[in-house]
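Here the structure is laid out as structure tokens; the discussion comes afterwards.
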Amino acid sequence: MRAYASRMPTDARRTRLYLITPPEIADIAAFSRQLDDALDAGDVASVQIRLKSREGVAAPDSHILELGRHIIPRAQDRGVAVLVNDRPDLAVELGADGVHVGQSDMPYGKARKLVGSDAIVGVTCHDSRHFAMEAGEAGADYVAFGAFYPTQTKDPKAKAALELLTWWQQMMELPCVAIGGITPENARPLVEAGADFLAVSAGVWQAAGGPGDAVRRFNAIFDEHAT
């Protein structure tokens, strides 16, 4: 199969961390301090701004914009890419690095047109090889598979198997993201199966030892399996 170009900040030698914000953030200043703790604790490739309830209800645009204005400079100053979930228009307004879209949200082509050719566009593909290959052919920068484990963030539409990650790595060079209920305790099989990124929300923000400790633990696992 052909290889696809990607703007996603990958490391061919090791898995990287892809943080997703908590679904609800009431105190933006407090979360900004949590984010600083996470980003300063170890390697993080990207942060996705996703303010959406388990039922799929998004926060008001004004709240998304306020959060973005607080955290995008903090991340970008550290070399961390920032994506906005589902809203390429807000990504452009905020100066984010790109957007992530789902299968039932804005089509890839429309999102790409809005954010431009230099931005990152990632696509949710659930457990579907067909969706992932379509996204790659269209020009996506990465595909996201999941959910691999039960998650508190949303009601997943599919349960993905580890073999999907291994198959993708054998067939494609486009990066793949594993998502869904990932914690330091259950991350190792996903890394071994070939995930380029682990997308994590509660596994960092709700970690008993705090966000910084969780980031350090994830990176220790990634380092163990680095080639």
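Results, tabulated for the structure shown:
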| read-out | value |
| --- | --- |
| Failed item, numbered, when Ile182 is tested on (1) over 14 Å from Gln48 (Cβ atoms); (2) within 16 Å of the chain's Cα centre (by Cα); (3) of a type in the set (Val, Ile, Thr) | (1) |
| Among (1) part of a loop (DSSP other than H, G, I, E, B); (2) within 18 Å of the chain's Cα centre (by Cα) - the single one Ala26 does not satisfy | (2) |
| Checklist (1) over 19 Å from Ala202 (Cα atoms); (2) assigned to a strand (DSSP E or B) applied to Leu19, failing item | (1) |
| Matching option when the condition is within 15 Å of the chain's Cα centre (by Cα) and modelled with pLDDT under 95, among Met8, Met106 | Met8 |
| Check on Leu83, surrounded by 16 or more Cβ atoms within 10 Å (Cβ to Cβ), touching a His at 6+ places or on another chain (Cβ under 7 Å) and either at pLDDT 95 or above or among the β-branched types (Val, Ile, Thr) (or both) | yes |
| Test: residue in segment 145-167 that is acidic (Asp, Glu), modelled with pLDDT of 95 or more and under 18 Å from the mean Cα position of the chain (by Cα) | no |
| All positions within segment 40-54 that are in contact (Cβ under 8 Å) with a residue 60 or more places away in the chain and either surrounded by fewer than 16 Cβ atoms within 10 Å (Cβ to Cβ) or outside any loop (DSSP other than H, G, I, E, B) (or both) | Asp40, Ser46, Gln48, Lys52, Arg54 |
| Conditions (1) modelled with pLDDT of 95 or more; (2) part of a loop (DSSP other than H, G, I, E, B); (3) in contact with a helix residue (DSSP H, G or I) (Cβ under 6 Å, 6 or more places away or on another chain): number failed by Gly68 | (2) |
| Number of positions in segment 209-227 that are among the aromatic types (Phe, Trp, Tyr) and at pLDDT below 95 | 0 |
| Residue list for segment 70-90, filter: in contact with a strand residue (DSSP E or B) (Cβ under 8 Å, 6 or more places away or on another chain) and more than 19 Å from Phe31 (Cβ to Cβ) | Asp86, Pro88 |
| Filter result for Arg14 (closer than 21 Å to Ala199 by Cβ, at pLDDT 95 or above, surrounded by fewer than 20 Cβ atoms within 10 Å (Cβ to Cβ) and touching a Phe, Trp or Tyr at 6+ places or on another chain (Cβ under 9 Å)) | yes |
| Leading residue by the ranking (surrounded by the most Cβ atoms within 10 Å (Cβ to Cβ)) among those in segment 58-76 that are in contact (Cβ under 8 Å) with a residue 40 or more places away in the chain and within 21 Å of Thr153 (Cα to Cα) | Ile71 |
| Qualifying positions in segment 185-210 - under 23 Å from Met8 (Cα atoms), of a type outside the set (A, V, I, L, M, F, W, C) and in contact with a helix residue (DSSP H, G or I) (Cβ under 9 Å, 6 or more places away or on another chain) | Arg188, Pro189, Glu192, Gly194, Asp196, Gly203 |
| Qualifying residues in segment 17-38 (those that are out of contact with any Phe, Trp or Tyr (no Cβ under 8 Å at 6 or more places or on another chain) and within 27 Å of Glu173 (Cα to Cα)) - the one surrounded by the fewest Cβ atoms within 10 Å (Cβ to Cβ) | Ile20 |
| Pair list, Cβ under 8 Å, 6 or more apart: segment 115-137 residue under 15 Å from Met172 (Cα atoms) and touching a residue at least 24 places away in the same chain (Cβ under 8 Å), other residue hydrophobic (A, V, I, L, M, F, W, C) and assigned to a helix (DSSP H, G or I) | Arg129/Leu164; Arg129/Trp167; Arg129/Trp168; Ala132/Trp168 |
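The values are calculated or read from the model by the stated rules, or taken from the named source; none is laboratory data. In this text, all values refer to a predicted model and were calculated from it rather than measured experimentally. All Cβ positions, even for glycine, are placed from backbone atoms using ideal geometry, and neighbour counts span all protein chains on display.
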